[in-house]
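The values are calculated or read from the model by the stated rules, or taken from the named source; none is laboratory data. Fair warning: this is a prediction, and the values are worked out from it, not measured in the lab. Note that we place each Cβ from the backbone using ideal geometry, even for glycine, and neighbour counts take in every protein chain shown. Please note that ligands, DNA and RNA were not included when accessible areas were found on the heavy atoms of the full protein model with its side chains. Shrake-Rupley method; radii C 1.70, N 1.55, O 1.52, S 1.80 Å.
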Amino acid sequence: MRWSQVFIPTLREDPAEAEVPSHRLLLRAGYMRQVAAGVYAHLLLGQRSLLKIMQIIREEMDAIGAQEFYLPALNPAELWKESGRYAAYGPTILKLKDRNDHEMVLGVTHEEEMTNLARGELRSYKQLPQIWYQIQEKFRDEPRPKSGLLRLREFWMKDSYSFDLDEAGLEASYGKHYDAYRRIFDRCGLKYVIVEAYSGTMGGTHSHEFTAPTDAGEDLIALCDCGYAANLEKAEGNAPPVTDPANVGPPEPFATPGQRTIDELVKFTGENANRMIKTLVYVVESQAILVLLRGDHTMSETKLAATLGSDTFRLATPEEARALLGARLGSLGPVGLKGVRILADKALEGRRGMISGANKDDTHLRNVTPGRDFTPEFRDLRVVSAGDLCPKCGQPLRISVSVELGHIFKLGRRYSQAMHATVLDENGKEVPLVMGSYGIGVERILSAAVEQNHDRDGMFLPASIAPFEIILTAANMDDARLRDAAEKLYDEMRAHHLDVLFDDRAERPGVKFKDADLIGAALRVTVGKRKFEQGLAEIFRRSTKQIQDVKLDSVIPFLEAIRRG
RNA sequence: CGGGGCGUGGCGCAGCCUGGUAGCGCGCUUGCCUUGGGCGCAAGAGGUCCCCGGUUCAAAUCCGGGCGCCCCGACCA
C-alpha cells in the first residue's frame, strides 16, 4: 500500500485521555479511534494487526481439529435464564427487547448458545469429541471500561467449546487447547505466563489463565522461580512462621479503650499484627458465621465463596454483629462461642497466645490459642501476599501485575446438566456431555504486545502481528532518481509478496522517520541520497534500532531471508 | 456504585477566579522555499465554548440540573 493513498492519522501529541502506553500509542499511531467508553473503531493499521492475530489463532485452532463456527451476538434471554447466568452476570449483560417485546441479550460469552446447539444436534457418543470455536464479538457492559483496548465493552473473542463423553475426553480437549494457546501466544511474540486460576462466573472446576506481565495489567499473579504460578484469587502460600510464647495461660481479658482497628491495637499493645486474630462476621444465606484471619492478612472473598460453596454472602452490619456477639466491631472474638460456625484461615493453625476481641466493648483477650480456646475449621481463606512462601518449594513468592490474554476452563457438566445436553453412551444410557470452554481476547493480544514492545518513539510490534512487516521510505519524493529507485523496490517487494507499506508521501524525511518509528513496522527500508549514490539502501530494525546497508539489488533476498528467520 | 479530574476549531491547551471583541501551539489549505530525524517564510480556512434551564443590559465565565470522557476504588473475563 501507498501511504499517500491510505488513511493513517498519526498524532504528534499524546491524546489527553490516554494514560497507559498501549492506549496512548494505538491512538497516536492511528490504529483506532474511540467511539464511546470501552468502544473503539479500528482503522487500517489496527484492523490489519487484529486480522493477523485472528489468522494465527485460526490456524492454531484448526490445527487441533477445532471447527470454526459463527454464532450470533443477538440471543434470546431464555437461554441465559435456563443456565442461571442471566442473574449471575447481572448488569454486565446488555439486554434489549425486540419489537414483539421478547427479551434478548447480546452475548457475553457463548456457553449457553453452544450448549443449546449441542443438545439439539449431538445424540451419540460416536459423534464425540467435538471442538467448536468462533472469533466473534462479545458485549459486556463493564462497570468501568478502561485503558484503551484492555477492558472493552465490545470486543473480539476467540471462544471455543469442547464436548466429550467423559473426564478423560475433557482432559484431552483441554490439553489440546493448552498447547494451541502456547503456540498462539508464542507466534504473537508475547511474553506470558500460565497460571492456575479461579473460574468465577464461568463455573467449573479447574482453569488456567494465560497472562502477559505488564504494568498496565489488572490481574495480580503470584510467581515462584520453581515454576509455580497462580492468579492471586487462587494462589496459595504459606505465611513465614511467627514465634509465639512457649507457655500460654488461659485467655485473659484486658482493657483496650477506644482501640478498634488492628493498627490501633498494634500501637496500643506493642505486639505485631501477626500476633492478632481479626474476627469478621459474615451472613451466609441469612446464617451468621465467623471468619478469622491473622491481623496482617487480607480475606479473599473468592476463597470464602469456594469454601462455602456459595457466593450469596455479605459482611454483617455492626448491629447484626452486636446481636450475635454482644460487642461492637473491633472487640469481636471467637472465644466462648457456642453454636456458631467458625472458619479460620490456616495461618492460624498451631498458633498460641494470640490477641483477639473479648466480645465486650473496649476489651480484648490475650493468650488466645486456636484449637484450645475455640475449635474452628481451618481453611485457606486469605489473599497471598508478597513474601509468602511457595506452596510447592517453600521459596518466597513474587506478586506481579499482568494482562489476562486467555483463559481455559474445565466446565464439566455444569451447563449440560442445567440445559439437558446429553448423548447416549455405548450402553444406550443417556449421559450429560462433559464440556470445556476456552477464550482468548483478541484486542488484548494487540494491547499487551504494545505494552511489552514500546519506547519513547512508538511501538515495535513482533513482525507476525505488525500491521506491515516493512515500511519502505523514500527520503525525498521530489528527487526523481530516489523516487524511481523506491518505486522500483516497491514493485519488486509486491512481486515477492512482501508485506510492505510504501511511504511515498511528499513529506520531509524527518516526518517520515518519526511516523515509521511510531507505527511499529518491524523493518524500515530507506532509499536516501547519500547511500543511493553508492548503490545502497538502508535497513533499520525497529526493535533494536540496528542499521544495515544493503546493495539495492540485494534488498529483496535480504528481506526474504529475514522473513524466513 | 463511592472518590477525584476534565469537557473551548481536527489534536494539545490558555481564557473562567474578577461577566463585556474567543485566543495560542500543532495540524489543515494555497504560494514560495527546503529535503536524512516532526524545516523556514507568507497568506488563509475552520469554533452550537458538552446540553438544558436560570441570574444579568450582557454568560465560555456566575447559579441549578443533566450528559459525556478519564483516573483511583468496589466489581468484573
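Quick one: A:Leu324 ticks every box in (1) without any contact (Cβ under 8 Å) to a residue 40 or more places away in the chain; (2) more than 22 Å from A:Ala255 (Cβ to Cβ) except a single one, so which number is it?
It fails just one condition, (1).
Return a yes/no flag: does the stretch A:220-227 have any residue that is buried (at least 20 other Cβ atoms within 10 Å of the Cβ) and assigned to a strand (DSSP E or B). Explain how you work it out, then say what you get.
First pass over the stretch A:220-227, keeping only residues buried (at least 20 other Cβ atoms within 10 Å of the Cβ): A:221-222, A:224.
This time we only want the ones that are assigned to a strand (DSSP E or B), so: A:221-222.
For the stretch A:220-227, residues buried (at least 20 other Cβ atoms within 10 Å of the Cβ) and assigned to a strand (DSSP E or B): present.
Please report, ordered by residue number, the helices (runs of 4 or more DSSP H) entirely within the stretch A:73-167 with at least 3 residues that are open to solvent by less than 40 Å² (accessible area, probe 1.4 Å) and away from RNA strand B (no atom under 16 Å from the Cβ). Full working, then the answer.
Numbers: elements: A:77-83, A:85-89, A:111-121.
The helices (runs of 4 or more DSSP H) meeting that bar are A:111-121.
For the stretch A:244-296, which residues satisfy the criterion of being in a loop (DSSP other than H, G, I, E, B), among the hydroxyl-bearing types (Ser, Thr, Tyr) and at pLDDT below 90?
Here is the first cut: in the stretch A:244-296, the ones in a loop (DSSP other than H, G, I, E, B) are A:244-251, A:256-261, A:270-272, A:285-286, A:295-296.
Next, only the ones that are among the hydroxyl-bearing types (Ser, Thr, Tyr) stay: A:256, A:261, A:286.
Within the stretch A:244-296, A:Thr261, A:Ser286 meet the criteria.
Report the residue count in the stretch A:61-72 for those that are open to solvent by less than 20 Å² (accessible area, probe 1.4 Å) and either in contact with a Gly (Cβ under 6 Å, 6 or more places away or on another chain) or assigned to a helix (DSSP H, G or I) (or both).
Adding up the residues that qualify gives 1.
Quick check: anything in the stretch A:518-525 open to solvent by 70 Å² or more (accessible area, probe 1.4 Å) and touching a residue at least 12 places away in the same chain (Cβ under 8 Å)? Steps first, please.
Of all residues in the stretch A:518-525, those open to solvent by 70 Å² or more (accessible area, probe 1.4 Å) come to none.
No, the stretch A:518-525 has no match at all.
Just the residues that are among the basic types (Lys, Arg) and not in a loop (DSSP other than H, G, I, E, B), please, taken from the stretch A:320-347. Break it down into steps so the answer makes sense when it comes.
Quick first cut of the stretch A:320-347, residues among the basic types (Lys, Arg) only: A:322, A:328, A:338, A:341, A:346.
The answer is A:Arg322, A:Arg341, A:Lys346.
For every residue, the table says whether it meets (1) outside the structural domain of A:Leu44 (by TED's automatic domain parsing); (2) in a strand (DSSP E or B); (3) within 7 Å of RNA strand B (Cβ to nearest atom).
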residue: A:Pro462; (1), (2), (3): yes, no, no
residue: A:Ala486; (1), (2), (3): yes, no, no
residue: A:Asp515; (1), (2), (3): yes, no, yes
residue: A:Val550; (1), (2), (3): yes, yes, no
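Does A:Met435 satisfy the condition of being surrounded by 17 or more Cβ atoms within 10 Å (Cβ to Cβ), under 30 Å from A:Asn116 (Cα atoms) and more than 13 Å from RNA strand B (Cβ to nearest atom)? Spell out how you get there, then give the answer.
Working: surrounded by 17 or more Cβ atoms within 10 Å (Cβ to Cβ): yes; under 30 Å from A:Asn116 (Cα atoms): yes; more than 13 Å from RNA strand B (Cβ to nearest atom): yes.
Considered against the rule, which asks whether it is surrounded by 17 or more Cβ atoms within 10 Å (Cβ to Cβ), under 30 Å from A:Asn116 (Cα atoms) and more than 13 Å from RNA strand B (Cβ to nearest atom), A:Met435 comes out as yes.
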